[in-house]
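Below: the structure, in structure tokens.
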Amino acid sequence: MKTTLTLIVLALVCSGCKTVAPMLNDAVRNMSVSDVQNAAAKAQKISEGQREFTQLEEVALGSGIASNMLGAANLWSDKKAQRYVNQVGLVLAAHSERADLNWHFAVLDDMEFNAFAAPGGYIFITRGLLQSLRSEAELAGVLAHEIAHVVRKHHLMAIKKASNRELLGEAVNAGTAMAVRNNKYSGALTPALAKLASVGTEMYARGLDKDDEFEADRMAVVLTARAGYDPYGLPAVLQSLQTVDPNYAGLALMFKTHPSFQARLDLLAKVMTSDFDKFEKNQTLEGRFKAQVAAPKAGK
């Protein structure tokens, strides 16, 4: 029966393939109506799993991943810093190729050094990394890197790669429609989307492909310059992190999920040629950053 179902699925997905037809005729004679219906449903799921997510589906999935992340770490209680990070992020996002997304930026109350992005425009930076920065240009560089991941749909593509087509089909087929009303995401995840969100959340422990990280770095320096910031903010952050003791537990996840700081700096050195010299006088805004983000207290 497994072979028979495979023939039906192949025929439904690849309708018009003449070589399948003779085998299919023999197979159908031995199948019940329910077998045919089940095979058709499976083929539909495979077909759905091959198409791109709509923006609403992407936002719904990203919302689920963001909720999972907030379940692991609370938001930092400093409302002033939260508001500031959100304002800087929204300025950068407005200069990106996906300015139409409903972007969200937040600081996690976690002393590790890291930043994360979820599909659909959800960006997080840890309190530890934020308080280690020295200027608004550096903050802009970190946020722009994460914005680039969303713009290029790096996590979305990685989730599709890591998930089986049947699950993807369930997530983007009729079940997703239940979570979307009048072209707006309702905030309720379907079971299929919840499963996919779990796949996406687990990905943060493994990290993206190195090429995705390098592309996000390249895009980040362009985006920060476009928004009026000194584009050397991101390289400055990488240089600063490079001086941190590699045995420091707060950098463990970043070391595991990203290329080495030196590799990223080497790539940026090749990208940031003399064409970037004209942006060296762009804003760094050290004073404004220090006024909005409190330095970490001793022992905390």
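Couplings 3J(HN,Hα) of region 104-119, computed from phi: 9, 10, 8, 10, 8, 7, 9, 7, 5, 9, 6, 8, 9, 10, 10, x Hz, in residue order, whole Hz [Karplus 6.51 cos²θ - 1.76 cosθ + 1.60, θ = phi - 60°; x for Gly and Pro]. The convex hull of the Cα atoms of region 68-123, projected and averaged over all directions, covers 4.1 nm². Convex hull volume per residue, computed on the Cα atoms of region 50-151, equals 98 Å³. Each residue of region 258-271 was assigned a 3J(HN,Hα) from its phi angle through the Karplus expression (A = 6.51, B = -1.76, C = 1.60, θ = phi - 60°), giving 10, x, 4, 4, 5, 4, 5, 5, 4, 5, 5, 4, 6, 7 Hz with x at Gly and Pro. Applying the Karplus relation 6.51 cos²θ - 1.76 cosθ + 1.60 with θ = phi - 60° to region 236-242 yields 3J(HN,Hα) values of 5, 5, 5, 5, 5, 5, 5 Hz, where x marks Gly and Pro.
Once the 1.4 Å probe is applied to the protein heavy atoms, region 185-278 comes out at 48 Å² accessible per residue. For region 92-149, the spherically averaged projection of the C-alpha convex hull amounts to 3.7 nm².
Amide H contacts of Leu108: Trp76, Ile125, Thr126, Arg127, each under 5 Å away and 5 or more positions distant or on a separate chain (H built 1.01 Å from N in the peptide plane; Pro and chain starts excluded). Summary of packing: across the peptides 125-134, 202-211, 239-248, the per-residue average of other C-beta atoms within 10 Å ranks them, highest first, as 125-134, 202-211, 239-248. Checking the Cα-Cα distances for Lys161/Lys270; Lys79/Lys290; Lys80/Lys281; Lys210/Lys270; Lys80/Lys290; Lys153/Lys210 against a 20 Å cut-off, the pairs over it are Lys161/Lys270; Lys80/Lys281.
The values are calculated or read from the model by the stated rules, or taken from the named source; none is laboratory data. The shown structure was predicted, so the numbers you read here are calculated from the model rather than taken from an experiment. Note that we place each Cβ from the backbone using ideal geometry, even for glycine, and neighbour counts take in every protein chain shown. Surface accessibility is based on the protein's heavy atoms, side chains included, excluding ligands, DNA and RNA. Shrake-Rupley method; radii C 1.70, N 1.55, O 1.52, S 1.80 Å.
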